[in-house]
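First comes the structure, then the notes that go with it.
The values are calculated or read from the model by the stated rules, or taken from the named source; none is laboratory data. Since this is a predicted model, take the numbers as computed values, not measurements. Cβ placement follows ideal geometry from the backbone for every residue including glycine, while neighbour counts extend to all protein chains displayed.
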């Protein structure tokens, strides 16, 4: 009886197929950071200006509605996450109840001031963070929300290199005021870890 041997593909062919697969998948890695409507702010950067707030995500992030443009092929508006520039809301482990309460209070603070409102966005030097969120100073009328969050003791100043300017100075003064009055994060007995820059 004659045996039939099946020929296995050479090892190098399997490696080549694997590498080709990785090359095809690598560009799609951005799926992890794309906004909920399938757009990344890197695809079509925002202009400084007014936007309506769709919702508040947490103590330092909100979602704004970017209307479709008449020159764009997009029919529907897109939603873009905006991270408050120059501030850091402390986050702790689930066991750190006071830090968790401050984070929840910061989110409530933003919901109260921003829900169903129009905001004006102003940018610093760095416009997008590693999570594809737009970094911005957020204004409601003439009120700088970033500054008020820090003044309430619900966030701390977090600076980015090159973003020292008038608005950062205002936020720093608000932090000094909150620290002197021992509000929010400044009322904690143990110091918190240094704020992480957005």
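Would you confirm, using the coordinates I've provided, whether residue 94 is loosely packed, with under 15 Cβ neighbours inside 10 Å, in contact with a helix residue (DSSP H, G or I) (Cβ under 8 Å, 6 or more places away or on another chain), at negative phi and modelled with pLDDT under 60? Against the criterion (loosely packed, with under 15 Cβ neighbours inside 10 Å, in contact with a helix residue (DSSP H, G or I) (Cβ under 8 Å, 6 or more places away or on another chain), at negative phi and modelled with pLDDT under 60), residue 94 qualifies. Among the residues of the range 115-144, those that are closer than 17 Å to residue 55 by Cβ and surrounded by 20 or more Cβ atoms within 10 Å (Cβ to Cβ) comprise 119, 121, 133, 134, 136, 138. Working only within the range 173-194, note down all residues that are exposed (fewer than 15 other Cβ atoms within 10 Å of the Cβ) and modelled with pLDDT under 85. Correct list: 189, 190, 191, 193, 194. Inspect all residues belonging to the range 62-82 and state whether any of them is out of contact with any strand residue (DSSP E or B) (no Cβ under 8 Å at 6 or more places or on another chain), assigned to a strand (DSSP E or B) and at pLDDT 90 or above. No, the conditions are met nowhere in the range 62-82. With respect to the conditions (1) without any contact (Cβ under 8 Å) to a residue 24 or more places away in the chain; (2) within 17 Å of residue 62 (Cα to Cα), residue 138 falls short on a single one, namely (1).
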